[in-house]
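Below is one structure, written out as structure tokens; the observations come after it.
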Amino acid sequence: MLGFKIDITGSGMEKLSQKTYSAILSDVLDEVIDEAEREMKKPGEGVAGGKNPSGGAPVDTGNLRGSIVSDKGNPHVKYIKTPNVEYVQYVINGTSKMAPNNFPLRAIEALEQNQTTTKALDLALQKRGLK
């Protein structure tokens, strides 16, 4: 399982109430999970013909990409799942006949490169007049 560490520190941050801190954390996680879902749904190329995988989920029928959904029901635990596609593990890890296409990892790398968590935290703090 992949996790993110979000450290909210700085001037005045120690004075936040638990309720405000929880709301900020939830907002940050919502934005991060939304961006991760967008990255995973970007058009992607598979590994057919010896190509290097790129983009989001590979598309043949569109079933895999169409099944990518986020679950943001819990304010402190958010995740993305593919509930209707049992073959997703074979796409990600590969098989003896197909190279791996780890599109979730590419999405996470894009989040890191784009500094999504930092930007989401800035937005959440601005929303509450704390930045």
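Do any trypsin sites (Lys or Arg not before Pro) in segment 17-95 lie in a DSSP loop with no more than 13 other beta carbon atoms within 10 Å, and if so, which?
Details: sites: K19, R38, K41, K51, R65, K72, K78, K81; in loops: K51.
Within segment 17-95, the qualifying trypsin sites (Lys or Arg not before Pro) (loop, at most 13 other Cβ atoms within 10 Å) are K51.
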Checklist entry - With each pseudo-label sitting 7 Å past Cα toward Cβ, what's the N114-K97 distance in nm, one decimal? => result 3.5 nm
Next on the checklist: Under 28 Å between alpha carbons, and skipping anything fewer than 8 positions from K41 in its own chain: which lysines qualify?
Outcome noted: K5, K51, K72, K78, K81, K97, K119, K127
Next on the checklist: If I model a spin label at N74 and E45 as a point 7 Å from the Cα along the Cα→Cβ vector, what separation in nanometres do I get?
Outcome noted: 3.9 nm
Checklist outcome for this item: Restricting to aspartates and glutamates and to Cα separations under 20 Å from K131, and discarding same-chain partners fewer than 8 apart, the set is D7, E14, D27, D30, E31, D122
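Coordinate-derived values only; no laboratory data. It should be emphasised that the depicted structure is a prediction, and the values quoted were computed from it without experimental measurement. Positions of Cβ are backbone-derived with ideal geometry, glycine not excepted, and every protein chain shown enters the neighbour counts.
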